[in-house]
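Below you'll find the structure, written out as structure tokens, and then a few comments.
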Amino acid sequence: MPTTSELPAVQAPAEPLQWRVGLLPNILAGALSALVTLSYSVSYGALIFSGPDLKPFLPMGLHAALVIALVVAIGSSFKFAIAGPDSNATAILAVMSGAVTASLIAVGASPREIGATVLLLLPLSAVLTGALVTVLGFSGGGRLIRFLPYSVLGGFLAGTGYLVFDGAVKVLSGQTFSWKLLTHPPHLHPVGWLTAFCVAAALLVLPRIYKHYLIMPGVIVGGIALFYAGLAIANLSVEGAREQGLLFPSLSANTIDASSPAAGLTVFNAYQWVRWPVLFSQWQNFLAMTMVVMITILLNMTGLDLATQSDVHVDKELRVNGVANIFSGLLGGMIGYLSISRSMLNYKAGAVSCIAGVWTAAIALGATFIFTPAVSYLPRPVLAGLLFFLGLSMIREWIWDMAAKLPRTEYLLVVVIMLQIAVQGLIPGIAFGLLVAGVIFVYSYSRTNCIKNNFSGNSYFSNKERPMDQIEELRRHGGVARALTLQGYIFFGTSSVISATCRSAIEREKLQFMLLDFRMVQGLDASAVFSFTKLVQVCTRYGCRLLFSGLKPESEAMLKKTHFLPSPGVVVFPDLDHGMEWIENVIIAESHASGRLALQTRPDNARGTAIFAEFDLRRMLIRHFTKEHLDVLIGYCESVKLPENTLLVKKGDPGDALYFIERGELSVLLKLQDGQIKRLRTFGPGTVVGEMALFSKLPRSADVMSDTACRVRKLSAESLHRMEVEQPGAAIEFHNFIVKLLCTRLQAANDEIRALL
């Protein structure tokens, strides 16, 4: 068996080979991405610098492609990321450029001033937008995109596919895709549409049959060869093909004539001729563009994450794209960012590392400063075929393939969003999708059950331990109370369901108490206050007390801000347990007042109090013992007095006794890991505490502390053993009493569990 030190020597020869094999797919994929990026950059530059005085600055789109593609490729979470100028931001930049040009012409500005103002508009907007996007990334704003519904993202990707398809039509014919184009197709040389069709068909079919990274670049090279072979067969010259729109316009690296007003004008000296008031007048368009850029970046990265099943760091992507725009602006470029269409093309072409993006930037560098004229020899039909393939692939994936995978409502939303994007554009389509998805979510959420538990006061009790006669009284008459445990987010739709449920129960069961527990409520809307106000009116009309419990600070603040609280018609408790205890106390007090439960008068003097306590204990236990055996039991007990807030037993103490409570109250407390104290149970007069530890011989599992001044009777394990030996009859009755007690507690626990199910 080889040792650990031998393993690197065995594996080392494989590393250079793996590097060489992985390099070629990235280089080829990067070349294809560069082809599309350059064509887009030239097109976007032509859109912005459309006037005669601005045409010399057309290569600024290539500058942006160079800088942004390089920074994003190196820093992105996507190893196949391709970035550059994009249609959404370019459309707004074109509007701003046109508005600035028109304003300057109206005031008689010189061509040099016009060129300088528009020239500085682009890098300035790139720097400012990049700074805002970077701040958003550092502040963690990217997590908001995780709340976008899956159907909205699917519609965005399908709509992006349509836009790519529309871009292919525009590249091939110079017109956007429309019904008019279908009914009156423009004249296009057969070499053009034949080349585009062959490239698109080959890319759609061959990768499904053969899995090899050379398929896509091979098709592109074959498409270029087919195009020029077609020109030769048709006896059409290169210049003739350029005149018919089959090739890009001629673009020279030496773009500015010495006699032009733009001669010698650069980003770094343009400030001397800039009309700053006109430039600053575009602040509204700038804010709109910033919002569009942020939304598009978030949508693009989320769409890529979904389409390629990558693990994207959203905030990191925002920071990387923001920094890329800052560098682009500082170096004289325009706005650009992560492109979903070009990145998907890069991914489908086999790119697996940032080498493809770096190679794209290198080709953009060469196109900008070295071989700019070569760009004009790229056939438009080949690029159109490539875009046809990419657009149809995305549409097929999200419209055809998802038809059997998504629920009908979500699938229809995907289709509608795609159609909306096709008719009105990307941002209106996404806004419409979010609106519809929001309405569907609200409707669906309003149909979910916002009432987690609905239980009656005769089956669900507080954590206060009571004598068995009081428990029986609560079972008989606790039905006058009902408690609802609420959940989720409470707004007008769900609060109306709560109000209707409460009203129905109050009218049907003649309730005297209605308790709403908000412990599991995540939040509530101000509109919910209207329903709660109506509920208070219903409770007042029927003589029912309304109680709230478990309100979180933000929910309570909302109710106070809307002046719903404090209210004489609503009693508020910290938790459900205390609310139920209050209801039980009122029911028991009414039972005493009506004579259903006997009530003894408390003596005034201390000696009388002690005698009364013992008498009260006898009264509570006499139903379970004969008088003689009860005297024996009390005789074996030791009387103990406890001041307020005094430990009776401590967690971990030996379980060597149980205690009968004669006066006062004790609580079983458990200290949690975060240091908080939780009340598990409260014991009042006539109850027993500590019997579990006594009979199990296990250490105490929690602290028992007096809430008030208490008097208890302690029956130690030693005394119990003596009673079993000396007074077996009394011991048998005692054990029977403990069995009844445990059965009563078990029944109460079962009732509570059933109520919670």
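The values are calculated or read from the model by the stated rules, or taken from the named source; none is laboratory data. Please read all numbers here as calculations on a predicted model, not as lab measurements. We place every Cβ from the backbone using ideal geometry, glycine too, and count neighbours over all the protein chains shown. Ligands, DNA and RNA are excluded from the accessible area calculation, which covers all protein heavy atoms including side chains. Shrake-Rupley method; radii C 1.70, N 1.55, O 1.52, S 1.80 Å.
Per-structure values
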quantity	calculated
Subset of LYS464/LYS552; LYS452/LYS650; LYS552/LYS641; LYS79/LYS211; LYS316/LYS561 violating a 28 Å alpha-carbon distance limit	LYS452/LYS650; LYS552/LYS641; LYS316/LYS561
Pairwise centroid distance, computed over Cα atoms, of the stretch 442-507 with the stretch 619-643, Å	39 Å
Length released on extending from LYS740 to SER719, taking residue separation times 0.36 nm less the Cα-Cα span	5.4 nm
Extension gain (nm, one decimal) between GLU644 and GLN747, 0.36 nm per residue minus Cα-Cα	33.9 nm
Cα centroid of the stretch 63-133 to Cα centroid of the stretch 531-552, whole Å	59 Å
Summed residue charge, Cβ within 14 Å of GLU718's Cβ, Lys/Arg positive, Asp/Glu negative	-1
Local electrostatic count, LEU387, Cβ distance below 14 Å [Lys/Arg +1, Asp/Glu -1]	+3
Efficiency of FRET between TRP276 and LEU206 - r from beta-carbon atoms, R0 56 angstrom, step 0.05	0.50
Within the stretch 555-588: backbone nitrogen closer than 15 Å to the LYS452 label point (7 Å, Cα to C-beta)	575-577
Under-5 Å amide H pairs with CYS710, H placed in peptide plane, nonlocal only	LEU642
Cβ-based charge dipole, the stretch 300-401, positive-most Cα from TRP359, MET301, ILE399	TRP359
Förster-model FRET efficiency, 41 Å R0, PHE492 and LEU670, C-beta, rounded to 0.05	0.55
Largest-first ordering by accessible area, 1.4 Å probe, given options LEU124, LEU435, LEU383	LEU435, LEU124, LEU383
Sequence-separation-based contact order of the stretch 659-745, relative, with Cα cut under 8 Å and 6+ spacing, percent	33 percent
Efficiency of FRET between ARG143 and ALA234 - r from beta-carbon atoms, R0 60 angstrom, step 0.05	0.60
Which of ILE498, GLY488, SER527, positive extreme of dipole for the stretch 485-538 (C-beta unit charges)	ILE498
Under the Karplus curve 6.51 cos²θ - 1.76 cosθ + 1.60, θ = phi - 60°, whole-Hz ³J(HN,Hα) for the stretch 725-732, x wherever Gly or Pro sits	7, 8, 10, x, x, 5, 5, 5
Among SER639, TYR659, THR626 the positive-end extreme of the charge dipole of the stretch 619-666 (Cβ point charges)	THR626
